[in-house]
Amino acid sequence: MTSAIICDDEPRLAQALQAQLASAWPELQVLALGHSGGEALELIAEHAPDIAFLDIRMPGLSGIEVARQIAGAEAAPHIVFVTAYDAHAIEAFEARAVDYLLKPVKTVRLEETVARLAGPHAGGVEGEDPVHGRGGAGAANEKATHVAEVEEPGGRTRGVVLGHDAACLAAVKHRHVPTAELDHSGAERAVTF
C-alpha cells in the first residue's frame, strides 16, 4: 500500500488535505501529520513514506530545504509541495518535486497529482516513476514533464512546462524559450505560456 506524510504549519490545512486525499485516493495510507520542517525530516526517517506532501513555509526548515536534505537518498519519498505561494514553483521543481499544488487545493488538481503518482503510465510509487525514480535526484529515467500553474496579478494564469535539466530550468527562469520551441522528440525543454 502506498504511504504518505503531510507536513503543514497550519494543522487545519494538513487535516483538510488528509480528508481530500482520502476521497481522491482511498488506497493511500497517510501515516502521520507534522507541522514543521524538522518534524517532516523526523517523520520521513521514522515512517519511510512513499510520498511527502510538504508546505513550503514552515517553522525551522522550509519544505524546499527538507526536499534538498533528502534528495538523492535511496529511500527518499516523492515530494509534492502544497503551498499558498506560487513564487516558489521553479525552486520546487529544482528540488525534484513531483508536483506543486496551490492552496486552497482544488479537487481537479489533486486528482491530477494522484494520477501522476499512482497512474500506470507514471509507473506509480510502487516502481520507478518517470521523473526521478524512487531514489530521488540523479535517477536515470527523466522523461516526464510537469505543468506548474502560476497565477499572476490580475488573475491571469501562466503555465510553465518543465523538464529536468539545468538548461530547461534556466530557460524558464529567464523566460528565453517560446512555446514554439517545445521539443516532442524526448529532449528536455521548458516552455512558458
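The values are calculated or read from the model by the stated rules, or taken from the named source; none is laboratory data. Note that the structure is predicted; figures quoted are calculated from it, not measured. Cβ placement follows ideal geometry from the backbone for every residue including glycine, while neighbour counts extend to all protein chains displayed. Ligands, DNA and RNA are excluded from the accessible area calculation, which covers all protein heavy atoms including side chains. Shrake-Rupley method; radii C 1.70, N 1.55, O 1.52, S 1.80 Å.
Table for the structure above
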read-out	value
Residue in region 16-23 that is within 16 Å of VAL80 (Cβ to Cβ), part of a loop (DSSP other than H, G, I, E, B) and touching a strand residue (DSSP E or B) at 6+ places or on another chain (Cβ under 6 Å) present	no
Condition met for ILE6 (buried (at least 20 other Cβ atoms within 10 Å of the Cβ), closer than 22 Å to LEU102 by Cα and modelled with pLDDT of 95 or more)	yes
Hits in region 32-64 - residues which are charged (D, E, K, R) and buried (at least 19 other Cβ atoms within 10 Å of the Cβ)	GLU39, ASP50, ASP55
Any hit, region 48-56, residues being among the hydrophobic types (A, V, I, L, M, F, W, C) and over 26 Å from ALA115 (Cβ atoms)	no
Some residue of region 77-89 being open to solvent by less than 70 Å² (accessible area, probe 1.4 Å), closer than 12 Å to ASP8 by Cβ and part of a loop (DSSP other than H, G, I, E, B)	yes
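One line per residue, one yes/no per condition, for (1) buried (at least 17 other Cβ atoms within 10 Å of the Cβ); (2) at pLDDT below 95:
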residue: VAL66; (1), (2): yes, no
residue: ALA73; (1), (2): no, yes
residue: ASP99; (1), (2): yes, yes
residue: LEU117; (1), (2): yes, yes
residue: HIS121; (1), (2): no, yes
residue: GLY127; (1), (2): no, yes
residue: GLY133; (1), (2): yes, yes
residue: GLY138; (1), (2): no, yes
residue: ASN141; (1), (2): no, yes
